[in-house]
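Report on one structure; see the data block that follows.
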Amino acid sequence: MIEYTNFRQRLDAVLRTLDVKQVSEFLIAEKQWQAGQPADVEFAMWMMIAGSPTLRDLHEQARQWLVGHGHEDEANAVLRREKGSAGEQGSKKQGRGTQKRQVGSPAKHNARRSS
């Protein structure tokens, strides 16, 4: 456990730099990644930032980057977990997503109504 805690603290320190190259080099040196993997290192970095409770001060910046680069679903999935049921905004967004799916398949939606 101490080993993981130490690793996590060092990873968060490197993530805080927002330097994709440093993050990649660190994770390769720690044998967590191989050269050339993952394919989108910048996306991986922002997802790790979004998923780190100790980097909450960077979460909004992570959300903005992720959404701005077409990863809104991933941002919502990771950042909503942290808010839990306290975030009313998260439940509103989830409701809209459900509605979109129902609109896409009216036959199934109508079948559910008549049941």
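Readers should treat all values here as calculations from the given coordinates under stated rules, not as data from a laboratory. The structure presented is a predicted model; accordingly, all values stated were derived computationally and were not measured. Positions of Cβ are generated from backbone atoms using ideal geometry, with glycine treated the same way; all protein chains shown enter the neighbour counts.
Just checking, does region 60-76 include any residue being surrounded by 16 or more Cβ atoms within 10 Å (Cβ to Cβ), aliphatic (A, V, I, L, M) and farther than 14 Å from LEU18 by Cα?
Yes, some residue in region 60-76 is surrounded by 16 or more Cβ atoms within 10 Å (Cβ to Cβ), aliphatic (A, V, I, L, M) and farther than 14 Å from LEU18 by Cα.
Being within 20 Å of VAL67 (Cα to Cα) and either in a helix (DSSP H, G or I) or touching a residue at least 24 places away in the same chain (Cβ under 8 Å) (or both) is the filter here; which residues of region 16-45 pass it? Step through it out loud before you land on a result.
Taking region 16-45 as the starting set, the residues that turn out to be within 20 Å of VAL67 (Cα to Cα) are 16, 18-20, 38-45.
ARG16, LEU18, VAL20, VAL41, GLU42, PHE43, ALA44, MET45, listed by residue number.
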